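> Following this message is one structure expressed as structure tokens.
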Ligand SMILES: C[S@@+](CC[C@H](N)C(=O)[O-])C[C@H]1O[C@@H](n2cnc3c(N)ncnc32)[C@H](O)[C@@H]1O
């Protein structure tokens, strides 16, 4: 599973070719889920939709986070990350895209 979205906002998930859900347009909990480089949940595609699955037990009251790991084509597509994890990549994009963009900077 990966998010495939270039630029803002980071609210789109590609369920399959030709089907992208933009949480900003619908009543969708994804609209409120922040990114962390050490997330406690992930997105799993189910049919034409998706669900959140916990990576580990999440205590009541704790924030649910996912790794956006979105695509990016230019530095302007990179959203600086404020997750605060000691494993923070510095941006919410996937490591692959961050490395590719920084290589040609
Ligand atoms: C799906 S929304 C998440 C909910 C949003 N934080 C809110 O209050 O409505 C995605 C947006 O949240 C912000 N965001 C989420 N996680 C972030 C992070 N780790 N670092 C910086 N901004 C983040 C960015 O502005 C991003 O475009």
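> Being loosely packed, with under 13 Cβ neighbours inside 10 Å, touching a residue at least 24 places away in the same chain (Cβ under 8 Å), assigned to a loop (DSSP other than H, G, I, E, B) and within 14 Å of the ligand (Cβ to nearest atom) is the filter here; which residues of segment 58-83 pass it?
Of everything in segment 58-83, just one residue is loosely packed, with under 13 Cβ neighbours inside 10 Å, touching a residue at least 24 places away in the same chain (Cβ under 8 Å), assigned to a loop (DSSP other than H, G, I, E, B) and within 14 Å of the ligand (Cβ to nearest atom), namely 63.
> Restricting attention to segment 13-37, report how many residues are part of a loop (DSSP other than H, G, I, E, B) and buried (at least 17 other Cβ atoms within 10 Å of the Cβ).
3
> Is there a residue in segment 87-105 that is at positive phi, touching a strand residue (DSSP E or B) at 6+ places or on another chain (Cβ under 9 Å) and within 16 Å of the ligand (Cβ to nearest atom)?
Scanning segment 87-105 turns up at least one residue that is at positive phi, touching a strand residue (DSSP E or B) at 6+ places or on another chain (Cβ under 9 Å) and within 16 Å of the ligand (Cβ to nearest atom).
> A further question follows. Which condition number does residue 43 fail, the rest of (1) at pLDDT 85 or above; (2) outside any strand (DSSP E or B); (3) within 12 Å of the ligand (Cβ to nearest atom) being met?
In the conditions (1) at pLDDT 85 or above; (2) outside any strand (DSSP E or B); (3) within 12 Å of the ligand (Cβ to nearest atom), residue 43 misses (2) alone.
> How many residues does segment 94-105 hold that are surrounded by 11 or more Cβ atoms within 10 Å (Cβ to Cβ) and in contact with a helix residue (DSSP H, G or I) (Cβ under 7 Å, 6 or more places away or on another chain)?
1
The values are calculated or read from the model by the stated rules, or taken from the named source; none is laboratory data. Everything numeric in this text was worked out from a predicted model, so none of it was measured. With ideal geometry, Cβ positions are generated from the backbone for all residues, glycine too; neighbour counts draw on all protein chains shown.
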